[in-house]
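Please read the structure below before turning to the comments.
The values are calculated or read from the model by the stated rules, or taken from the named source; none is laboratory data. These numbers were taken from a predicted model, which means no experiment stands behind them. With ideal geometry, Cβ positions are generated from the backbone for all residues, glycine too; neighbour counts draw on all protein chains shown. With ligands, DNA and RNA removed, areas are computed over all heavy atoms of the protein, side chains included. Shrake-Rupley method; radii C 1.70, N 1.55, O 1.52, S 1.80 Å.
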Amino acid sequence: MEIIFSRWNPQWRAQFRAIQADLGGGLKKNRVSYLTIEHVGSTSIAHLVAKPMLDILIVVADADFNDSHRERLKEVLCFSWDLHHGGYSYKGESSIKGRWNFTLQGVIPERKIAVVAENSIYRRSCLAFRDTLKTQWELREQYSQVKQLLARTEIQRIMQYSTAKNKIVSKVLKKAGWTDEEVDEKEGMVKKWYPEI
């Protein structure tokens with residue numbers, strides 16, 4: 001598997017804001033409730049090398065994280081013409097329990113959406129990781145070095161790449177004040193049986 005990184009691009013912020021407005025408008029028009037739309041992942045952190053792909057969280061109330069709300073989101077994100085770029089593909093939970101995944105390919109940058117519950121550990125980990133790296137230059141540099149080293153290794157699958165980052169990710173979360181138990185719970189969300197293609 002080839003991993004291609006780009007230098008951080010300040011246009012990613014503006015692109016996210018446009019997507020945020022598009023998604024928010026489409027969801028509201030179709031009466032699909034949500035709380036926030038967040039930019040996470042490496043493209044949300046200034047001066048960090050990143051795969052040119054926007055990682056987006058759509059956060060819903062804990063009570064809305066259920067089958068009927070998921071099906072309504074699928075209808076709107078995958079088939080609604082109210083979104084400027086409709087046609088998202090639903091990917092299920094994929095490799096992480098407790099999130100609903102959608103992707104939009106064929107656009108630059110590509111988009112990955114994870115729909116998560118407000119108080120989920122996945123949302124908390126994404127925000128803690130992002131916010132810590134925004135302020136901790138040394139950790140941001142260490143994370144960047146790990147990513148670039150892994151890109152030069154013989155990694156065949158995306159989950160191998162993600163798992164190989166666990167040590168530095170844990171270090172960042174502990175800097176954010178997470179306990180060992182919280183880090184273990186977050187890592188326990190990964191579906192070990194996930195069949196990668």
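Pairs spanning more than 26 Å between alpha-carbon atoms, out of Lys51/Lys91; Lys97/Lys171; Lys97/Lys174; Lys28/Lys51; Lys112/Lys186: Lys28/Lys51. Normalised per residue, the accessible area of the stretch 5-98 is 50 Å², obtained with a 1.4 Å probe and no contribution from ligands, DNA or RNA. Cross-link partners of Lys165 among aspartates and glutamates, defined as those whose alpha carbon lies under 12 angstrom from its own and excluding same-chain residues fewer than eight positions apart: Glu187.
When you filter the chymotrypsin sites (Phe, Trp or Tyr not before Pro) in the stretch 1-91 for DSSP loop state and at most 14 other Cβ atoms inside 10 Å of their Cβ, you are left with Trp81.
When only Cα pairs below 8 angstrom with a gap of at least 6 residues are kept, the chain shows a relative contact order of 20 percent. The phi torsions of the stretch 3-14, fed into the Karplus equation with coefficients 6.51, -1.76 and 1.60 and a -60° offset, translate into couplings of 10, 10, 9, 10, 4, 4, 10, x, 5, 4, 5, 5 Hz, rounded to whole numbers, with Gly and Pro shown as x.
Each stretch of four or more DSSP H residues adds -39500 (n - 2.57); spread over every residue of the chain, this sum gives -14000 deg cm²/dmol at 222 nm. Helix 67-79 axis versus longest C-alpha principal axis of the chain: approximately 90°, rounded to the nearest ten. Checking [x] 61, 43, 32; [y] 43, 35, 35; [z] 105, 26, 24 against the coordinates, the calculated Cα extents along the principal axes in Å falls under label [y].
Within the accessible area of the chain, what % is carbon and sulfur when the probe is 1.4 Å and the other protein chains stay in place?
C and S fraction of accessible area: 50 percent.
For the chain, the antiparallel share of DSSP beta bridges with both residues in that region comes to about 65%.
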